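Just below is one structure, and these are the notes that go with it.
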Amino acid sequence: MSNLRVDGKGRINRDKRIRFTFDGVSYEGFEGDTVASALLANGVHLMGRSFKYHRPRGPVTAGSEEPNALIGTSRGGAGRFEPNTRATVQEIYEGLTTVSQNKWPSLNFDVGAINDKLHKLFAAGFYYKTFMWPKSFWDKVYEPVIRASAGLGVSPSEPDADAYASRYLYAELLIVGAGPAGLAAALTAARNGTDVVLVDENRELGGSLLSEAPASIDGKPTETWLSECIEELSTLPNVRLMTRSVAIGYYHENMVGVAEKLTDHLAYPPAGAPRERMWRIRAKEVILAQGALERPLVFDGNDRPGVMMASAAQTYLNRYGVKVGTAAVVMTSHDSAWYAAFDLVDAGVTIAALVDVRSSVGDHLLSEAQARGITVKTGHTVLSVAGKKRVSGVQVGRVTGDGKVSDITSVSCDTVLMSGGWTPSLHLFSHTKGSLHWDEENEVFLPGEKTERCHIAGGGRGLWSQQAAFDDGVLAAEQALTSLGQTAKTISVDVDGDRAGSGIVMEELPSNDDKLLAGHL
Amino acid sequence: MLLIHCPYCKEKLPELEFEYAGQAHIARPLNPAEQSDAEWRDYLFIRSNVRGDHAEQWRHTHGCGRYFNALRNTVSDKFIATYEIEQPRPTGSEEGEKSNEQLES
Amino acid sequence: MAFNTIVETLPAMGRFSLRCKRENTVAMSKALGFELPSTISELVRSGNVTALKLGPDEWMLTCPMDERAKIKEPLAAVYADAVHSLTEVSSREVSIRVSGPEAEELLSTSCPRNLRELTVGCGVRTVFDSVQVILTREEQNQFRLDVWRSFVPHVMGLLSVATKEFECGL
Ligand SMILES: [Zn+2]
């Protein structure tokens with residue numbers, strides 16, 4: 001088994017080794033790892049198969065937005081199996097048992113994958129029309145085989161053995177998301193004496209600061225600044241910090257439902273402990289600082305194991321100390337993937353090619369790439385991906401004036417990192433019936449008219465740099481406090497080595513082939 | 001979950017303490033025996049179905065126990081006002097009044 | 001920090017539901033020998049008798065079981081001049097006391113009200129996991145729940161589950 005850990009990187013606890021199993025094989029990780037980061041550190045990308053065509057799938061993200069790396073987890077004892085857990089979210093603990101899904105008879109050799117080869121035959125309703133004859137085949141052959149190979153995971157067969165708790169909570173200010181914007185807002189309000197609740201879905205506060213640390217904040221290393229910030233917040237009596245807590249719904253009159261995971265990361269939970277706690281938090285003001293999600297790009301084979309978001313590779317590196325591969329091709333339409341590439345090169349990953357569909361990019365990016373010896377291909381695109389259960393290479397070509405592609409060459413790699421820019425996370429805002437408006441310049445939906453007393457800060461407003469997010473968090477807190485009738489003392493957070501950037505949106509990448517655009521489910 | 005201001009308790013309290021109790025300001029005819037069948041039917045059953053500001057009764061069942069009136073916008077589900085049971089219907093929001101469309105029953 | 005909040009049921013006490021019109025409250029107060037509270041949630045104590053205003057025309061009066069005559073007799077005496085309804089509900093409810101540093105948070109497991117806004121010495125009718133209760137804040141860290149008898153096992157069960165949750169410290 002390969003070891004893709006990078007010395008000196010990541011926020012995992014290297015003093016605490018943890019063993020867990022995936023499909024019966026025992027793997028080792030560290031405290032702080034997710035199932036995905038620990039498997040990637042062992043060189044495992046193939047974590048499941050897709051629902052219908054049973055295409056091999058690996059993680060594409062490093063967070064809660066993961067669509068592919070869905071696994072089954074067993075937490076010991078009857079009624080404690082859970083299907084469709086995101087491997088990118090589930091933390092490992094000693095003795096955790098996990099299994100892959102949608103494979104039969106095994107993950108590496110899957111009968112259902114024949115559907116992939118025949119996908120043109122498999123129109124909607126195919127199952128109902130085709131397997132009708134001969135009649136006697138239905139009970140004995142067709143149905144058992146279809147049942148064995150269909151479904152998104154396996155339903156638990158036992159009643160849930162766990163208990164779940166609930167709590168009502170009132171606060172003056174609820175902040176959702178503890179990245180730079182959320183932390184800046186929390187600091188501003190907390191120092192003012194406001195009654196603040198800060199919730200974040202991760203095990204650690206920090207958001208993007210954990211994945212992409214700027215050179216320094218307020219003259220201190222990011223890690224120092226972050227731990228001092230959390231220390232300050234956690235000692236203030238007017239602040240409640242909640243980690244592993246997902247804001248799941250935004251209801252009338254600023255009530256936000258928050259599901260807090262209590263025991264899913266513990267090898268030995270205290271006896272009788274509830275597994276999760278549902279909070280109904282009623283806040284006078286709400287700040288949504290949920291950041292943005294990176295957009296995938298559309299090209300043939302973009303779902304192969306080894307193809308993932310550029311930001312995910314950066315998170316695996318900087319947060320978990322894991323290289324997602326040894327040779328990567330970057331395919332992007334946004335500056336942010338360039339920075340991800342720089343981080344990867346600095347950690348010893350070879351960037352086989354940095355492909356940007358834009359014909360020109362900023363000089364500072366080009367010179368930084370040149371300094372690292374990266375082969376840059378601007379005005380180029382990735383056409384297709386080679387490899388079955390893991391990427392083995394890509395076809396790259398030059399985008400011509402008429403939107404077609406020429407000068408096609410092959411590039412070997414074991415990883416493809418894509419970035420199609422960023423989409424503000426406005427799901428919760430949309431629960432409030434708040435309107436979205438289309439921002440022509442940046443090609444994103446931004447928050448429009450509000451129906452509740454809420455404020456959006458940072459990436460949610462289409463602001464990409466960390467300095468901008470800090471500033472916007474302070475601003476949002478000031479607005480919230482003014483609305484509460486309190487006078488806010490402003491604060492400032494100064495980022496050194498901030499990585500601002502921009503990009504363009506590509507609905508689909510240029511290609512010479514139209515037939516590949518059908519979605520692979 | 002809504003917060004509802006009870007005009008008797010003079011507090012904004014969780015919806016769980018309240019119950020909806022039908023359209024407001026429907027006066028019982030003083031002499032039921034003199035009503036025609038159609039008039040009596042209208043009194044008993046015919047209700048408006050407003051898209052906009054709707055005057056309705058609520059009861060603070062698990063609080064002070066009192067019935068009271070409320071003006072609520074049926075599109076935004078926001079309370080514009082709550083008021084004691086004998087008081088007249090207040091004017092609604094400009095937007096609500098504008099969009100007050102009575103759907104045919 | 002160890003969990004240190006106690007949940008206990010209290011011995012039976014005399015309870016009366018008093019309903020009367022505003023113009024008769026003066027006579028009621030005079031008969032009882034103390035001023036009935038005039039705003040909802042206000043609680044008045046006179047000796048062993050308490051009066052809590054629950055609604056515009058509704059009070060809950062309590063006293064020790066053997067002093068019930070102190071409420072019944074003087075009010076019966078003024079009935080002819082000040083019409084009212086006094087109903088004894090002593091056995092309808094059981095009181096549960098929750099006391100200790102975590103009392104407020106323990107109750108927030110099932111009570112949707114903002115308990116921080118319930119001031120000491122005040123009481124309200126509200127819900128506790130959809131059970132109607134009268135909740136009184138006797139002291140900063142001491143609450144009393146008056147619960148209809150048949151709901152007591154449910155409420156005590158919830159409080160016991162919540163206590164276990166707090167005790168495991170997560
Ligand atoms: Zn009320």
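The values are calculated or read from the model by the stated rules, or taken from the named source; none is laboratory data. All values reported here derive from a predicted model rather than from experimental measurement. All Cβ positions, even for glycine, are placed from backbone atoms using ideal geometry, and neighbour counts span all protein chains on display. Ligands, DNA and RNA are excluded from the accessible area calculation, which covers all protein heavy atoms including side chains. Shrake-Rupley method; radii C 1.70, N 1.55, O 1.52, S 1.80 Å.
Comparison of A:GLU441, A:GLU452 shows that the only residue that is part of a loop (DSSP other than H, G, I, E, B), open to solvent by 80 Å² or more (accessible area, probe 1.4 Å) and not aromatic (Phe, Trp, Tyr) is A:GLU441.
Screening C:ALA77, C:ALA69, C:ALA82 for residues that are free of Cβ contacts under 8 Å to residues at least 24 places away in the same chain and more than 10 Å from every other protein chain (Cβ to nearest Cβ) leaves exactly one candidate, C:ALA69.
Applying a threshold of 7 Å to beta carbon distances and a minimum spacing of six or more residues, or different chains, the list of pairs starting in the range A:159-170 at a residue that is more than 7 Å from chain C (Cβ to nearest Cβ) and ending at one that is open to solvent by less than 30 Å² (accessible area, probe 1.4 Å) and at pLDDT below 95 reads A:PRO159/A:GLY79; A:ASP160/A:GLY79; A:ALA161/A:GLY79. Selection of strands (runs of 3 or more DSSP E) fully inside the range C:36-100 by the criterion of at least 1 residues being open to solvent by 60 Å² or more (accessible area, probe 1.4 Å) and touching a Pro at 6+ places or on another chain (Cβ under 6 Å) returns nothing. Cβ-Cβ distances below 6 Å connect the following pairs, each with a first residue in the range C:109-126 that is within 12 Å of chain B (Cβ to nearest Cβ) and without any contact (Cβ under 8 Å) to a residue 24 or more places away in the chain, a second residue that is of a type in the set (Lys, Arg) and open to solvent by 20 Å² or more (accessible area, probe 1.4 Å), and a separation of six or more residues or different chains: C:THR126/C:ARG113.
From the residues in the range C:137-155 that are in a helix (DSSP H, G or I) and surrounded by 17 or more Cβ atoms within 10 Å (Cβ to Cβ), which one is nearest to the other protein chains (Cβ to nearest Cβ)? Among them, the one singled out is C:PHE151. For the range A:37-54, the set of residues classified as open to solvent by less than 10 Å² (accessible area, probe 1.4 Å) and either part of a strand (DSSP E or B) or in contact with a helix residue (DSSP H, G or I) (Cβ under 9 Å, 6 or more places away or on another chain) (or both) consists of A:SER37, A:ALA38, A:LEU40, A:ALA41, A:HIS45, A:MET47, A:GLY48, A:SER50, A:HIS54, listed by residue number. Scanning the range A:446-499 for residues that are within 14 Å of chain B (Cβ to nearest Cβ) and in contact (Cβ under 8 Å) with a residue 60 or more places away in the chain turns up A:GLU452, A:ARG453.
Condition first: exposed (fewer than 13 other Cβ atoms within 10 Å of the Cβ) and either within 14 Å of chain C (Cβ to nearest Cβ) or under 27 Å from A:ARG280 (Cα atoms) (or both). Can you find one or more residues in the range B:10-17 that meet it? Before the answer, list the steps.
At the first step, the residues of the range B:10-17 found to be exposed (fewer than 13 other Cβ atoms within 10 Å of the Cβ) are B:10.
Next, from what is left, pick out any that are either within 14 Å of chain C (Cβ to nearest Cβ) or under 27 Å from A:ARG280 (Cα atoms) (or both): B:10.
Yes.
Regarding the range A:481-502, can at least one residue be identified that is closer than 23 Å to A:ALA247 by Cβ and outside any loop (DSSP other than H, G, I, E, B)? Taking every residue of the range A:481-502 in turn, at least one turns out to be closer than 23 Å to A:ALA247 by Cβ and outside any loop (DSSP other than H, G, I, E, B).
For (1) of a type in the set (D, E, K, R); (2) free of Cβ contacts under 8 Å to residues at least 40 places away in the same chain; (3) within 21 Å of A:LEU366 (Cβ to Cβ), each residue gets a yes or a no:
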| position | (1), (2), (3) |
| --- | --- |
| A:PRO274 | no, no, no |
| A:ARG277 | yes, no, no |
| A:ILE287 | no, no, no |
| A:TYR320 | no, no, no |
| A:LYS323 | yes, no, no |
| A:THR326 | no, no, no |
| A:ASP346 | yes, yes, yes |
| A:ALA353 | no, no, yes |
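Counting only residues that are open to solvent by 10 Å² or more (accessible area, probe 1.4 Å) and under 16 Å from A:ALA488 (Cβ atoms), the range A:169-180 holds 1 of them.
As a summary of the residue check, A:ARG282 satisfies the conditions (1) on the phi < 0 side of the Ramachandran plot; (2) of a type outside the set (Val, Ile, Thr); (3) more than 14 Å from chain C (Cβ to nearest Cβ) except for the one numbered (3).
When the range B:1-11 is filtered for residues that are within 16 Å of the ligand (Cβ to nearest atom) and over 17 Å from the mean Cα position of the chain (by Cα), the ones remaining, listed by number, are B:CYS9, B:LYS10, B:GLU11. With the condition kept exactly as written, say whether any residue in the range A:267-276 is assigned to a strand (DSSP E or B) and at pLDDT 95 or above. For the range A:267-276, residues assigned to a strand (DSSP E or B) and at pLDDT 95 or above: present.
When you look at B:LYS78, is it free of Cβ contacts under 8 Å to residues at least 24 places away in the same chain, open to solvent by 50 Å² or more (accessible area, probe 1.4 Å) and within 16 Å of the ligand (Cβ to nearest atom), yes or no?
Numbers: free of Cβ contacts under 8 Å to residues at least 24 places away in the same chain: yes; open to solvent by 50 Å² or more (accessible area, probe 1.4 Å): yes; within 16 Å of the ligand (Cβ to nearest atom): no.
Taking the combined requirement at face value, the residue does not satisfy it.
Whenever a residue of the range A:250-264 is away from chain B (no Cβ under 14 Å), its partners that are outside any strand (DSSP E or B) and of a type in the set (Gly, Ala, Ser), lying with C-beta atoms within less than 8 angstrom and at least six residues away or across chains, give the pairs A:LEU262/A:ALA273; A:THR263/A:ALA273. Just one of (1) crowded, with 19+ Cβ neighbours inside 10 Å; (2) more than 22 Å from A:HIS427 (Cβ to Cβ) fails for A:GLU285. It is (2). Taken as a whole, the condition of being within 23 Å of A:GLY458 (Cα to Cα), of a type outside the set (Lys, Arg) and open to solvent by less than 50 Å² (accessible area, probe 1.4 Å) does not apply to A:GLN290.
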